[in-house]
1. List the number of the failed condition for E131; all other conditions in (1) open to solvent by 70 Å² or more (accessible area, probe 1.4 Å); (2) at pLDDT 95 or above hold.
2. Being buried (at least 19 other Cβ atoms within 10 Å of the Cβ) and assigned to a loop (DSSP other than H, G, I, E, B) is the filter here; which residues of the range 249-267 pass it?
3. Among the residues of the range 143-167, count how many are closer than 21 Å to I188 by Cβ, open to solvent by 30 Å² or more (accessible area, probe 1.4 Å) and in a helix (DSSP H, G or I).
4. In the range 99-122, which residue that is in a strand (DSSP E or B) and of a type in the set (D, E) is modelled with the lowest pLDDT?
5. Just to confirm my filter: which strands (runs of 3 or more DSSP E) fall fully inside the range 30-98 and include at least 3 residues that are open to solvent by 40 Å² or more (accessible area, probe 1.4 Å)?
6. From the residues in the range 317-337 that are open to solvent by 20 Å² or more (accessible area, probe 1.4 Å) and not in a strand (DSSP E or B), which one is modelled with the highest pLDDT?
7. So how many residues does the range 280-304 have that are farther than 16 Å from F270 by Cβ, at pLDDT 90 or above and not in a helix (DSSP H, G or I)?
Amino acid sequence: MDLIFIDEKGAKIQAGIKIHLIPIFDGHLQEDAVVILSKFGVGENKDLYKVVVEPYKINFYRCTTVTPVRYWQDVEYGFNFRAYEDILQGEALNALSVDVVGSVICCGDLEIFDRPPKETKKMNFDIEDLEGKVLRCTVWNNYALQIKDFISKIPPHEHVMAVIQHGKCEYIVQSDKFATRIFLNEEIDEVNELKRRLILKFGQGSGSTSQTILSSQSVFPLHKEFVTDGVKIHVDEISEIEKEMSCVVVATIKIVQEEYGWFYAACRKFLKKVMDKSEYLQNVENVSDDIVRLPATSLVCPKCHSECTSITTKFKVQVRVQDESGSFSFVMFDRDVQKLLGLAASDIRERQKAAFKIDVSEFNLKNDYRVYTVQKTCDDPVIIVELVGGDGNGDENTDEVTQEVADVKDVNLSESSQVSAERTSRDVVSVTADSSAVEVEKDSGSSPNAKRMAQDADGVNVGELSTNLRRTRKKLTRVNN
């Protein structure tokens with residue numbers, strides 16, 4: 001059990017109770033209770049999960065005593081509110097946690113992902129400060145339920161003041177897994193003073209945006225996005241699309257096309273791919289003098305048009321997908337690639353039947369460029385069954401599809417495996433390729449992506465995979481129909 005204690009001066013320290021001692025102390029420790037601790041240990045805080053900056057922590061022993069105290073008139077919560085500007089500009093990125101307070105001006109729906117027991121809940125809401133700046137907050141699971149339950153019990157135009165204590169900061173504020181506390185319209189001196197000043201400045205409404213109706217409902221966004229609203233097509237129908245659109249395809253990943261790279265360098269603030277100076281000068285018309293004066297080795301963010309000094313890496317992987325009608329190349333980005341990490345390439349290819357929501361962009365249409373960007377993937381077997389069974393996208397029955405999606409096969413990573421996919425009479429090509437464990441070049445200083453159009457985009461070449469440090473190139477074999 002992990003705890004955070006605050007003393008009468010507002011200083012905080014983490015504490016830990018080992019699992020076999022929890023029954024001894026559990027009944028004596030509640031949030032906001034005031035206690036006197038004695039006969040405890042103090043050691044260096046080497047926990048991976050740190051919330052406060054204090055380098056030491058309290059350790060409970062069997063002999064530790066906890067004495068309740070009824071009277072307390074010192075620091076109550078120890079808030080250290082961070083200015084919105086610091087968070088929005090990225091100046092709080094290195095903070096272990098942040099505290100924020102504001103008036104709730106917008107509340108989203110409770111989004112529910114997956115299904116029990118792995119169900120995940122999420123809710124977004126915006127808060128506003130005295131300067132009229134707006135900060136996006138995202139809360140998860142029980143914190144999301146806390147917000148939804150509170151919103152459902154108040155009048156729609158109620159003025160709601162929210163405090164997030166010990167939140168995570170990434171240009172927005174999110175609830176942490178364990179340590180976050182959320183206060184809604186609590187009688188707290190600092191919050192009451194801010195509420196009074198907000199009312200004086202903006203009036204009795206919820207903020208500078210006048211009166212805001214706060215309401216929330218439970219939604220299943222993946223089902224809505226893929227099944228209810230999605231335009232479902234087969235792979236061979238993609239090339240027939242004549243205007244920009246998004247569509248949903250159920251297919252199996254057959255090849256990971258490693259020769260097109262695994263990742264790219266991105267601006268940590270905007271998460272956009274950075275350019276070296278020469279590339280930026282070639283692609284941007286109005287270049288500022290500050291950029292011109294930069295050294296030739298500088299990296300520039302095309303979003304904020306300034307030198308990028310804080311870099312992160314983001315995944316970008318090209319895969320070949322196939323259904324019973326044909327195959328195409330899709331490009332998958334960071335969020336969706338992370339779902340595949342830790343799997344062998346052969347395991348990804350054979351098991352990863354998924355629903356892909358793809359973009360057919362103006363660039364695809366004008367340049368006849370047949371590599372399509374994946375907006376989002378969904379491997380929920382219930383949704384895939386509904387997609388396959390509901391519109392004829394595949395002729396498997398639902399039991400077979402559920403089994404195919406749910407099966408997890410043992411893979412011997414010490415041996416390379418060969419996969420051959422014989423296409424049916426409707427197919428265009430057959431695929432044969434060696435495979436091995438997928439590895440990411442974590443220490444590479446730059447992305448291995450090449451600046452080229454995919455030569456195999458029309459179904460001629462499926463790429464290459466590394467096997468025992470060798471790189472071999474396999475080509476599609478035409479099948480006579």
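1. (2)
2. Q257, W262
3. Taking the range 143-167 as the starting set, the residues that turn out to be closer than 21 Å to I188 by Cβ are 143, 146-147, 149-151, 153-154, 158-167.
Pick out the ones that are also open to solvent by 30 Å² or more (accessible area, probe 1.4 Å) and you get 143, 146, 149-150, 153-154, 158.
Keeping just the survivors that are in a helix (DSSP H, G or I) gives 143, 146, 149-150.
The total comes to 4.
4. In this case the residue turns out to be E111.
5. Values: elements: 34-38, 41-44, 56-59, 65-69.
Hits in the range 30-98: 65-69.
6. Top of the filtered list is E324.
7. 8
Residue by residue, here is whether (1) in contact (Cβ under 8 Å) with a residue 12 or more places away in the chain; (2) under 27 Å from the mean Cα position of the chain (by Cα); (3) under 30 Å from S152 (Cβ atoms) holds:
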position: K224; (1), (2), (3): no, yes, yes
position: H234; (1), (2), (3): yes, no, no
position: Q257; (1), (2), (3): yes, yes, no
position: W262; (1), (2), (3): yes, yes, no
position: I291; (1), (2), (3): yes, no, no
position: T309; (1), (2), (3): no, yes, no
position: R320; (1), (2), (3): yes, yes, no
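The values are calculated or read from the model by the stated rules, or taken from the named source; none is laboratory data. Remember, predicted model here, so these are calculated numbers, not experimental data. FYI the Cβ positions are ideal-geometry reconstructions off the backbone, even for glycines, and counts take in every protein chain you see. For the accessible areas, the whole protein counts, side chains as well, though only heavy atoms, and no ligand, DNA or RNA atoms are used. Shrake-Rupley method; radii C 1.70, N 1.55, O 1.52, S 1.80 Å.
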